[in-house]
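A quick write-up on the structure given underneath.
The values are calculated or read from the model by the stated rules, or taken from the named source; none is laboratory data. Worth saying up front: this structure is predicted, and the values here are computed from it rather than measured. Virtual Cβ from ideal backbone geometry, glycine too; neighbours counted across all protein chains shown. Heads up: the accessible areas ignore ligands, DNA and RNA and are worked out on the full protein's heavy atoms, side chains in. Shrake-Rupley method; radii C 1.70, N 1.55, O 1.52, S 1.80 Å.
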Amino acid sequence: MNDAIKIRILQGDLIIHDVRSVQFSPRYRGLPDIADKKCIDNCRICADVCPTKAIHINPLKIDLSLCVFCPLCEESCPEEIIHFTDNYHIAASTRKQLLVTRKTKKVTPEKASEKIRNYFGRSLKLRQVSAGGCNGCELELIALSNVNFDLGRYGIEFVASPRHADGIVITGPITKNMAGATEMCYEAVPKPRLVILVGACAISGGIFQNSKQIDRKFLKENKIDLYIPGCPPNPLTFINALLDWLDR
């Protein structure tokens, strides 16, 4: 027992007490910043190297719904115009908000309606649906329940059954094999119910956007409440997205 206590003391305080202002290492890639500098005439290097075609030219924009946060655009830009910051607050309530321009300094979701906040402001139960993902986003969501992030302290928890849930969290591009299961899971959630998309694959299809093996009809037929981009998103991005959206 004494040895166990000593080890625990050596581990220190593992809990992230302030999820709003965590300082990441310089290697972390969060919200991209586009410098107020002119691009070289007819330069398309950043757009051409982007694996998901997330970069638009004239004017220069980065679509976070497609971005996989690889460093290729930053590394290839001859004018060093694109730079990934350590800002992990990048969730939005519409896809349009995920378009980063030279004027974008922050991305934050609009507050949920008063009805939604009254329903779920203090207690929110979610059912996660892995709809053909690589398990990257899924692993980050699992981490939300550990001692570091402790999502449950905010009254937000993942549950095993959609009948016990208030909404679903979708990861992955929604493959044809998972399209029916996603719909069934959503229909099993009591109304009012939420839909949250986590990761580039769920929001836009990501690197699988042109695959013939995905079926994204569900997203066209149902309202999406929250978009949480990343590949995968940091657990703190998920926590802050919900806290901002629920006005906590």
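All conditions but one from (1) out of contact with any Phe, Trp or Tyr (no Cβ under 6 Å at 6 or more places or on another chain); (2) of a type in the set (A, V, I, L, M, F, W, C); (3) touching a residue at least 40 places away in the same chain (Cβ under 8 Å) apply to residue 168; the one that does not is (1).
On the stretch given as the stretch 95-119, residues that are over 20 Å from residue 238 (Cβ atoms) and either in a strand (DSSP E or B) or polar (S, T, N, Q) (or both) total 5. Within the stretch 15-44, being closer than 28 Å to residue 244 by Cα, surrounded by fewer than 17 Cβ atoms within 10 Å (Cβ to Cβ) and either touching a Gly at 6+ places or on another chain (Cβ under 7 Å) or not basic (Lys, Arg) (or both) holds for 15, 16, 17, 18, 21, 22, 23, 24, 25, 26, 28, 35. Close Cβ contacts (under 9 Å, 6 or more residues apart or on different chains) running from residues in the stretch 55-73 that are among the polar types (S, T, N, Q) to residues that are surrounded by 23 or more Cβ atoms within 10 Å (Cβ to Cβ) and in a loop (DSSP other than H, G, I, E, B) comprise 65/54; 65/229. Which of the residues that make up the stretch 180-204 are over 20 Å from the mean Cα position of the chain (by Cα) and touching a residue at least 40 places away in the same chain (Cβ under 8 Å)? Selection gives 181, 185, 189, 192. Residue-level analysis places residue 98 among those that are of a type outside the set (Ser, Thr, Tyr), closer than 30 Å to residue 190 by Cβ and at pLDDT 95 or above. With a requirement of 2 or more residues that are under 30 Å from residue 18 (Cα atoms) and open to solvent by less than 40 Å² (accessible area, probe 1.4 Å), the helices (runs of 4 or more DSSP H) lying completely within the stretch 130-218 that satisfy it span 136-143, 200-204. When the stretch 201-226 is filtered for residues that are of a type in the set (Gly, Ala, Ser) and out of contact with any Leu (no Cβ under 6 Å at 6 or more places or on another chain), the ones remaining, listed by number, are 202, 205, 206, 211.
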